[in-house]
Amino acid sequence: MAILVLTAIPGFAFAADAAAPVAADKAVTAPLADFSASGTLQQVIEQIAKQAKVKILVDWISLSDAGASPDAKVSVKAPNATAGQLLDAALAQAAGKGKPLTWIADAASVRVSTQEQILRRGKNVAGTLAGGPFTAKDSPAGQAGAEPKGQPPTSMPAAVAKEINFDDTPLSDALATIREMAGVNYHINWKALQLIGIDKNAPVSLQAKNISPAQAMDLIFDTLNTGKNKMESIYWVVDGGVVIVSTGTALDTETRTRTFDAAEMLLVVPNFTGPNLNLGTNNPNANTTVDNSTIAISDKDRSIQNLTEAIQNTIGKDMWAPTGKGSIKVIHNQLVVTQTLLGWKLMERAAK
């Protein structure tokens with residue numbers, strides 16, 4: 001006989017069948033015959049885990065903060081529903097107003113938390129997109145951990161200066177010193193900088209040891225950007241092997257498209273068409289039968305939606321269509337992201 005095991009870890013508890021579990025991302029799509037469970041949210045999740053033979057990690061701290069107690073009363077009855085659909089039904093009943101709960105699955109486990117917590121994965125995702133290996137549009141695929149073959153570098157060299165000592169040094173001289181240290185081509189858009197009141201003679205001060213070119217420019221620009229919004233601020237980006245120094249407004253004109261293998265990010269599992277679910281209610285006059293399509297999105301659509309929102313939220317939705325120039329598409333498990341040079345820079349910064 002299978003035994004349900006509950007184990008506490010910081011912030012989480014998991015329910016799993018002691019028998020050899022099925023891969024979680026497969027288990028959530030397998031139908032469970034005539035499932036019926038009523039009781040507390042914790043009890044129903046345990047029952048789903050037991051019958052599906054899957055480990056379910058529950059972030060009870062985040063759920064409680066969102067008003068979803070482990071003791072919340074839920075009732076789920078459904079013929080041939082999947083574990084994923086049953087979780088959707090139970091979480092929908094327990095969720096606090098305006099505090100949606102959700103789950104995400106990979107091969108090892110199903111993780112239950114608030115939608116807000118799940119979407120916070122976006123910071124790490126954005127860092128992968130902005131700073132990790134990528135394949136530029138219409139270019140040959142790159143190897144993991146390397147720049148695309150035959151493409152110009154997309155990041156600053158890792159050179160380190162033993163010491164930098166700028167004391168009211170003109171900005172043009174400071175950037176010339178950093179350019180020599182980096183050993184790469186620079187293009188400084190002085191016209192754009194002048195529009196925000198910065199010229200070649202703007203004084204900069206920086207005393208530092210063992211600092212990279214990227215760190216030096218970040219520190220200098222952070223000081224010059226004090227009190228400025230993102231469009232008025234100064235940034236450096238690497239585009240086509242050239243370091244470009246310009247303003248947010250100027251960098252928010254041209255777009256670049258990058259594609260990524262999104263299978264792992266999306267945690268894609270097959271689409272399904274589910275039955276109606278009886279959610280249960282304390283109101284005897286309420287219609288308790290709800291078409292599953294109204295309360296649950298297919299696993300793939302859920303992952304696409306979560307990933308898209310996570311990426312967008314890292315830099316602000318104003319950077320994405322319809323107000324901005326950015327867009328995100330998923331084509332055959334390939335993530336196709338179009339964003340301006342400013343957008344890519346903001347994603348890189350968000351990941352730090």
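Can you find a residue in the stretch 215-234 that is modelled with pLDDT of 90 or more, over 27 Å from the mean Cα position of the chain (by Cα) and in a loop (DSSP other than H, G, I, E, B)?
The answer is yes; a qualifying residue exists.
May I ask you to say which residue of D199, D168 is closer than 14 Å to V245 by Cβ, among the acidic types (D, E), at pLDDT 95 or above and loosely packed, with under 13 Cβ neighbours inside 10 Å?
So the residue among D199, D168 that is closer than 14 Å to V245 by Cβ, among the acidic types (D, E), at pLDDT 95 or above and loosely packed, with under 13 Cβ neighbours inside 10 Å is D199.
Check whether at least one residue in the stretch 81-95 is more than 20 Å from L32 (Cβ to Cβ) and modelled with pLDDT under 90, and report yes or no.
yes
Filtering the stretch 294-352 down to residues that are at pLDDT below 85 and assigned to a loop (DSSP other than H, G, I, E, B), which residue is farthest from T29 (Cα to Cα)?
K352
Quick one: is T177 crowded, with 18+ Cβ neighbours inside 10 Å, modelled with pLDDT under 95 and out of contact with any helix residue (DSSP H, G or I) (no Cβ under 7 Å at 6 or more places or on another chain)?
Spelling it out, it is not the case that T177 is crowded, with 18+ Cβ neighbours inside 10 Å, modelled with pLDDT under 95 and out of contact with any helix residue (DSSP H, G or I) (no Cβ under 7 Å at 6 or more places or on another chain).
Restricting attention to the stretch 329-342, report how many residues are surrounded by 24 or more Cβ atoms within 10 Å (Cβ to Cβ) and under 14 Å from S246 (Cα atoms).
The number of residues fulfilling the criteria is 1.
Yes or no, residue by residue, for (1) assigned by TED's automatic domain parsing to the domain that holds V44; (2) of a type in the set (K, R); (3) closer than 20 Å to A310 by Cβ:
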residue	(1), (2), (3)
S75	yes, no, no
A78	yes, no, no
T82	yes, no, no
A89	yes, no, no
K97	yes, yes, no
W103	yes, no, yes
S109	yes, no, yes
V112	yes, no, yes
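Just one of (1) surrounded by fewer than 18 Cβ atoms within 10 Å (Cβ to Cβ); (2) of a type in the set (F, W, Y); (3) at pLDDT below 95 trips up F134, so point out which.
Of everything listed in (1) surrounded by fewer than 18 Cβ atoms within 10 Å (Cβ to Cβ); (2) of a type in the set (F, W, Y); (3) at pLDDT below 95, F134 misses just condition (1).
The values are calculated or read from the model by the stated rules, or taken from the named source; none is laboratory data. No experiment lies behind these values; they were computed from the predicted model shown. Every residue, glycine among them, receives a Cβ derived from its backbone with ideal geometry; neighbour counts consider all protein chains shown.
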